[in-house]
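Structure, as structure tokens:
The values are calculated or read from the model by the stated rules, or taken from the named source; none is laboratory data. Note that the structure is a prediction, hence the values are computed from the model and not measured. FYI the Cβ positions are ideal-geometry reconstructions off the backbone, even for glycines, and counts take in every protein chain you see. Please note that ligands, DNA and RNA were not included when accessible areas were found on the heavy atoms of the full protein model with its side chains. Shrake-Rupley method; radii C 1.70, N 1.55, O 1.52, S 1.80 Å.
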Protein chains: 4
Amino acid sequence: MSSNRKIDLALEAKELAEGSARQTTRLSGVRAEEDTVFGLPLTRVDILDQRGEQALGKPRGTYLTMELPELPQEREEILRAARGVAAMLETLDCLPQTGLVLVVGLGNRQVTPDAVGPKTADALLVTRHLIQNLPDQFAGLRPVAALAPGVTGATGMESGELLAALVKRLNPVCLIAVDALAARRQERVCRTIQVADTGIVPGSGVGNARMALDQKTLGVPVIAVGVPTVVDAATLCLDLLEESGEKSFDPAIFRQEGAEWFVTPRTIDSQVHTLSRILGLGISTALHVDFSVEDVEKWTS
Amino acid sequence: MSSNRKIDLALEAKELAEGSARQTTRLSGVRAEEDTVFGLPLTRVDILDQRGEQALGKPRGTYLTMELPELPQEREEILRAARGVAAMLETLDCLPQTGLVLVVGLGNRQVTPDAVGPKTADALLVTRHLIQNLPDQFAGLRPVAALAPGVTGATGMESGELLAALVKRLNPVCLIAVDALAARRQERVCRTIQVADTGIVPGSGVGNARMALDQKTLGVPVIAVGVPTVVDAATLCLDLLEESGEKSFDPAIFRQEGAEWFVTPRTIDSQVHTLSRILGLGISTALHVDFSVEDVEKWTS
Amino acid sequence: MSSNRKIDLALEAKELAEGSARQTTRLSGVRAEEDTVFGLPLTRVDILDQRGEQALGKPRGTYLTMELPELPQEREEILRAARGVAAMLETLDCLPQTGLVLVVGLGNRQVTPDAVGPKTADALLVTRHLIQNLPDQFAGLRPVAALAPGVTGATGMESGELLAALVKRLNPVCLIAVDALAARRQERVCRTIQVADTGIVPGSGVGNARMALDQKTLGVPVIAVGVPTVVDAATLCLDLLEESGEKSFDPAIFRQEGAEWFVTPRTIDSQVHTLSRILGLGISTALHVDFSVEDVEKWTS
Amino acid sequence: MSSNRKIDLALEAKELAEGSARQTTRLSGVRAEEDTVFGLPLTRVDILDQRGEQALGKPRGTYLTMELPELPQEREEILRAARGVAAMLETLDCLPQTGLVLVVGLGNRQVTPDAVGPKTADALLVTRHLIQNLPDQFAGLRPVAALAPGVTGATGMESGELLAALVKRLNPVCLIAVDALAARRQERVCRTIQVADTGIVPGSGVGNARMALDQKTLGVPVIAVGVPTVVDAATLCLDLLEESGEKSFDPAIFRQEGAEWFVTPRTIDSQVHTLSRILGLGISTALHVDFSVEDVEKWTS
């Protein structure tokens, strides 16, 4: 049944796997630790080998998940969350301290819960052109480029094709891909930020086999940054019904004709706005190593 | 349990009542008929008396529901649906052929599934000011005014207060209130248009006791035009679980802290855009009795 | 010739009148003073009598104008400008310390340089509904209501008609009307905030005789808050040509068919966004007398 | 002085050159013809050699300009203008009848008069992915891809760099670049569509030396499609003052600090919307040679 579910968060894949393992919560090939970052709960899940990959249905690597008790409203809370994002990125070995980084905002700008990638790209401190045009003046900065390429239906291209071409031309040391995710638990929607060093398959889990964005396909490390903004409607129903012992629900009702349905909070517009700001600040702070989050704030507001 | 459900469509209230009546599908005080309008399925539900009001949980009056087999894409389909909207409005006795009509777009412009009211207001052929300023030139037109007042959280006023003041000043012969609804069945979302002569309670069913907009509170007939753009998440879960025999689900999880959740299709933005266009064309055609839908199209595109 | 010019700022009307007075810069019936507020230059122009009204082409009253050296980018600069707006409002005798205030955002949300009124309305701390529904919890707050009614072409009503009806119903102690203005000097665009106790004529100066919003028409004091976001193209050309001695330019070219033209900076979208935030913070701080601008910031971000 | 002017339209460059030539209106190396297309005035300017290049300040090639008497409102007028766009494109030898075409929407989606490129990209019938995924079903269609890359300030890349990489990967037979232009005459704004086989320099004329997009830099033919949406404020003033004999105006006032100013009609938002629709329909009709403009309308509305 789990193959019908869209599970983007490694944290939830682990919970699901542990749940079905019953007796023991110990999964082979998976290591999990809990911590905090700037006072916010942080979970680290390492998928170590093939057994771990099978147990969680995800590629091996490190998945960090930070949880926000509630959506930040005040500036100080927004900066704190951004510091947490920066700290997660800095933990990963595959992000060097210098060299061009390309940040990609995946998703559809015109579909609110899917706009977190493009809106994060808008909120970044982009510097590559400044350094190229005025090298003396911007000597201290790291080159950062950004792109929100749009979805395949609008471009006729897979993001992977476009990025492969661009990586070849720009030669970045690392690519960061930001995307909206689906959560299994409604309480995680717009409250969870996942950072992973494993790359990403855009639009994965919904049956569209897209080209993966990862070290293998692009030739550079790919860090995935994701925020769940919806609960997949079919997953929600499967979960509810399974808990109640019912087995006959056909999730196809929510997935016919390419017409995906989702469950989302009423105030999704303003929540996506705030989260994109947090991600923009956090990613920029991690990349510009001499800048504090307050410095980045000054230059991007 | 049904008091936990948000049932906006009279059609669905009838189905729910018939379902729980088991043996007999005949409800006292309710008359239902099926028909077509410009080839589209039309259901008419009349709530005749207090028994009918109790059975369906709605005030007495006439509820017309037109169903679209799919979201219109081509111009001809859009015009056909608009003709259907006009025909439903023309059926109601409370809409006179002449005299000022005030059309109100309820809901929140910044929340996509709630924006169908404001966007319909944008798409109307508004004429009152033209007739006042150039009476000779626009002699043949009926005066139409429009307003999208915004939600109480943004204005500090209930729509009912604002409209009571405005009706007193403008003296319209009729008020038409356009609002987004919730459907119980996902297949009705963005595919159903309900027109009723009973007025409306803005944001009803979710626990906010708002001032009703109806003949009693405003002193003029109030026609409600509604389109379901979401399934209420709690209603969906209650339905699924009840079918499976489970009773223990607490819908409060989706309604805590005023944070309503809903189930909506991925492409809600473009669907709301198309539906607002259909409603704008249909309402304008019903009001400007000498105009065809093509005439209205010319003046509002 | 000056009747062809659109002069919204009292400061510029004074400059224009002084310029044509040649010999002496002293205008009868006009008093002007220069000051600073939170370090920002402030000009106060009082039109004292009929001679002053004729000299400047504006009704008698007090006009305060604060100038920003550049568009605020950093949070501290935004808060400082907001404090300046609050201080200007607090200077005016017609704004009592308690009692309901209605804030109206005039203009067209869909035309960027005209959206500063509606966007300011969005950015206010609106409280009337909170106090009505939970009087104990919000005892300390002053009731504030807000409305962005939309332009006459979209509603069929003049703002004055709508507001007259609303004032009668709500009985506010004061009305604050926020609107976009035109400046004569390009360097004042998006850098100047004018506050006046004289009321306002929406869309004035461009030949549409609208109903004034003032104490006489509405029965309550009306404070006008305005920001120039454009230079009227005809005014710009008249000025340039007059300086060069040319007299034959016909400004009608920019005003035919109701198709107003304007001169505006490329980045008007983000400038209007920032200015609306400043006005929303400043007006809210002036109204909620126990709140600092930081308090307001917390509740409206 | 003309080097201070931003002259994007070949038609206006010709007028300016002819004007300053005084005696004779015949320019060496330039051929001009007038015609109509679907009843709309069409001017063809061919720059034949280096003398023509110098006279007009533009590279040699064919420039077609269609003029609309007024902004199309009704559907029939929109379709007629789109047919005109398609006819202009079909005139150019460098557009083959088959093979992948990449359409690029240049400009900034968030600045209304600059959004015509990105919005045209949104309005295209994009097919490359359909043909790749379901080759049998879409056998009759031509592959079309599209991209709105965003401006250099947001991406850190020049459009030319990105497109060079993409052209290398996708191997299109032709690239079509859509961009907003500046007109010298206010009556041409949003009323003129220029199609040229010469390629384009994004943001040219304002002092930013960008990498050209043309056959030489990209290795494939580049067709430029442009619509003037503004008058450059400095150009307008220079023209007005020159006519009046004044020479001392310094256009730098409108160009300081990278803060370009422009003159634009009040209703630019809706005009850009309509023009993008016309361009989207027209370009798609030219590319999908078996489709009429009505066929394209069905698939893109």
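In table form, for the structure just shown:
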| read-out | value |
| --- | --- |
| Label point distance in nm, A:ARG169-B:GLU15, each placed 7 Å from Cα along Cα→Cβ | 5.1 nm |
| Solvent-accessible area lost in complex, 50 Å² minimum, residues of segment B:135-168 relative to chain alone, 1.4 Å | B:LEU147, B:GLY156, B:MET157, B:GLU161, B:ALA165 |
| Percent RCO, i.e. relative contact order, over chain A, from Cα pairs under 8 Å lying at least 6 residues apart | 22 percent |
| For segment C:172-180, 3J(HN,Hα) per residue [Karplus equation, 6.51 cos²θ - 1.76 cosθ + 1.60, θ = phi - 60°, Hz, x = Gly/Pro] | x, 7, 6, 10, 10, 10, 9, 8, 7 |
| Global form of segment B:132-182, assessed from the alpha-carbon gyration tensor, a/c cut-off 1.5 | prolate |
| Close Lys-Lys pairs in chain C, where close means Cα under 30 Å and separation is 8 or more or interchain | 17 |
| Rounded, prolate or oblate (a/c below 1.5 giving rounded, otherwise prolate when a/b exceeds b/c) for chain C by Cα gyration tensor | prolate |
| Between 0 and 90°, nearest 10: helix A:233-243 axis offset from chain A longest Cα axis | 40 degrees |
| Residue-normalised accessible area of the protein assembly as shown, expressed per residue, 1.4 Å probe, Å² | 40 Å² |
| Delta accessible area of at least 20 Å² on complex formation, residues of segment C:68-105, 1.4 Å probe, chain isolated as reference | C:GLN73, C:GLU74, C:ARG75 |
| A:LEU141-B:ASP290 pseudo-label distance in nm [points 7 Å out on the Cα-to-Cβ vector] | 6.3 nm |
| Selection from C:THR198, C:GLY153, C:VAL173, by position along the positive dipole direction of segment C:150-226 (Cβ) | C:THR198 |
| For B:GLN50, label point 7 Å along C-beta direction: distances to other copies, nm | 6.9, 7.5, 10.0 |
| C:GLN50/A:ASN133 FRET efficiency (R0 56 Å; Cβ-Cβ; nearest 0.05) | 0.45 |
| Simple spin-label estimate for D:ARG26 and D:MET211 in nanometres, 7 Å along Cα-Cβ | 4.4 nm |
| Förster-model FRET efficiency, 30 Å R0, C:HIS273 and B:GLN73, C-beta, rounded to 0.05 | 0.30 |
| Phi-based couplings in Hz for segment D:146-159 (Karplus 6.51, -1.76, 1.60; Gly and Pro marked x) | 8, 8, 10, x, x, 7, 4, x, 9, 10, x, 10, 6, 3 |
| Angle between chain C longest axis and helix C:75-91 axis [Cα atoms, degrees, rounded to 10] | 90 degrees |
| Charged-residue dipole, Cβ positions (Lys, Arg, Asp, Glu), segment B:77-223 about Cα centre, Debye nearest 20 | 180 debye |
| Nonlocal amide H pairs with D:ILE176, under 5 Å, H built at 1.01 Å | D:LEU102, D:VAL103, D:VAL104, D:ILE223 |
| Neighbour net charge for B:ASP122 - beta-carbon separation under 11 angstrom, K R +1, D E -1 | +4 |
| Shape of the protein assembly as shown, Cα gyration tensor, a/c cut at 1.5 | rounded |
| Accessible surface of segment D:1-150, 1.4 Å probe, proportion on carbon and sulfur as whole % | 45 percent |
| Chain lengthening between B:GLN97 and B:GLN110 when straightened (0.36 nm per residue, less Cα-Cα) | 1.3 nm |
| Interface area, C with B, accessible, probe 1.4 Å, both sides summed, Å² nearest 100 | 2100 Å² |
| Estimated FRET transfer efficiency when R0 is 51 angstrom, pair A:THR36-B:LYS298 (beta carbons, to 0.05) | 0.20 |
